[in-house]
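The structure under discussion appears below in the form of structure tokens.
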Amino acid sequence: ESKNMITLFDELLNQPLDACGSPPGHPICRPRRNSMNRRTGWRLKKQVEAYFRGLGARRGRYLIIIDALDEAEFNLKNQLLDLIASQFKELPPWIAVLITSRKEDVIEKKLKGDSVKDFVNTIVLDEDTYKNECERDVETYAHHLSSLFSDQPDVYKVLRDDKSIKLIKEKAQGSFLYLHYFKTKLSSWLGRRKDSKKFSFEQLKDLLPPGGIGGFYKEQLKRYFGEKGLDVNKATRNVIEAIICSRMPPLVTDLVYLSQVEKAEIEKILEKISGLLPSRDDNRVYIFHKSFSDWLTGNGYDRSKDDSGFKIVLGSATQLHCRFA
């Protein structure tokens, strides 16, 4: 909302032109960056539309990839999903679209309706059915991970070992976000280690928390709040429950009302957990990744063995905190 839309439109139009270039006999006369106004912008838009129609005829098919469609929701609306359902049927045949998303009811309903059934082919990547493929992908990434540390022989040797790759696969439980966190944690550890300390398989085990991505979230909450997690005090639980249960990213001023906690105390809590619940320029508090709220609330995760400090029971929490539309 804070962006200059003309500047943004200018940049979006220039990106594909930079990537593809002008096909022979179809030159594009585009303005300098940051020099557009509304009139030149719309004139260029029409020119670019004609350009891509010609491009399709000259250069075969193109693939548009839209990753994590479920994360495009804002304020209970997913405008990208609405656009796909209503307008993507107008795309020319030389453009194909690959969309990934979590299996959520509103998305399934929109992409299986009568208006899209003729041009959307839905494939459900069931975890059990595609378990072997997922494990192979994780193994491929684990091999790639070792190459990132090829300048450190002791690390490279441990990560390349079959025993290490097997352990990483077991701990990750198919989650690439877990692997991303592990890479970040390993880089941080290597940046702090003393020159004399060699990396070992035992050290690798210490850096890999159990339980997939949930294990990382639990480790983070312990680091922020100690062994009691959200139960460290009533204010902490109230504030985090209010954020997780809100139907849109709340303002800090909203949280004062929703959590019944003083603003100064809320800011202290948010500062501690900013890695998972960051505040952005619009002064709203966001959830870093949807899997964090899903893990806390047990949506798709088995939380039966966790104590209360690391989970949120949606029924009572929603009644307490979701009090605005």
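The values are calculated or read from the model by the stated rules, or taken from the named source; none is laboratory data. These numbers were taken from a predicted model, which means no experiment stands behind them. A quick note on method: Cβ atoms are made from the backbone with ideal geometry, for glycine too, and the neighbour counts reach across all protein chains shown. Ligands, DNA and RNA are excluded from the accessible area calculation, which covers all protein heavy atoms including side chains. Shrake-Rupley method; radii C 1.70, N 1.55, O 1.52, S 1.80 Å.
Of the whole protein surface, K77 contributes about 130 Å² of accessible area at a 1.4 Å probe radius.
Express in whole angstrom the spacing between the alpha-carbon centres of region 148-163 and region 189-242. Using only Cα atoms to place each centre, the spacing works out to 23 Å. Surface exposure of region 198-325, expressed per residue as accessible area with a 1.4 Å probe, stands at 51 Å². For region 89-99, 3J(HN,Hα) computed residue by residue from phi via the Karplus equation (6.51, -1.76, 1.60; θ = phi - 60°) reads 5, 7, 5, x, x, 7, 10, 10, 10, 10, 10 Hz, glycine and proline entered as x.
All C-alpha to C-alpha distances of region 175-214, sorted into 10 Å bins beginning at zero, yield P(r) values of 28, 53, 17, 2 percent in whole numbers.
Hey, for a label at E262 modelled as a point 7 Å past Cα toward Cβ, could you say which residues of region 270-298 have their backbone N under 19 Å away? Residues passing the 19 Å test: 270-272. A simple spin-label model places pseudo-atoms 7 Å from Cα toward Cβ; at D128 and S86 they are separated by 3.9 nm. Ranking R136, R303, R193 by solvent-accessible area of protein heavy atoms (1.4 Å probe, all protein chains present), from largest to smallest, gives R136, R193, R303. Over all alpha-carbon pairs in region 119-250, figure out the percentage whose distance exceeds 26 Å. Every Cα pair in region 119-250 considered, those over 26 Å come to 40 percent. Annotation: T129 carries an accessible surface of approximately 100 Å², with a 1.4 Å probe and no ligand, DNA or RNA atoms counted.
In terms of solvent-accessible area of protein heavy atoms at a 1.4 angstrom probe, what is the ranking of T236, T100, highest value first? Don't skip to the answer; put the middle values down first.
Details: T236 5, T100 55 Å².
Largest to smallest exposure gives the sequence T100, T236.
Extending 7 Å from the Cα toward the beta-carbon at both L148 and D281 defines two label points whose distance is 2.8 nm. For D162, the accessible surface of its heavy atoms amounts to roughly 120 Å² (probe 1.4 Å, protein chains only, rounded to the nearest 10).
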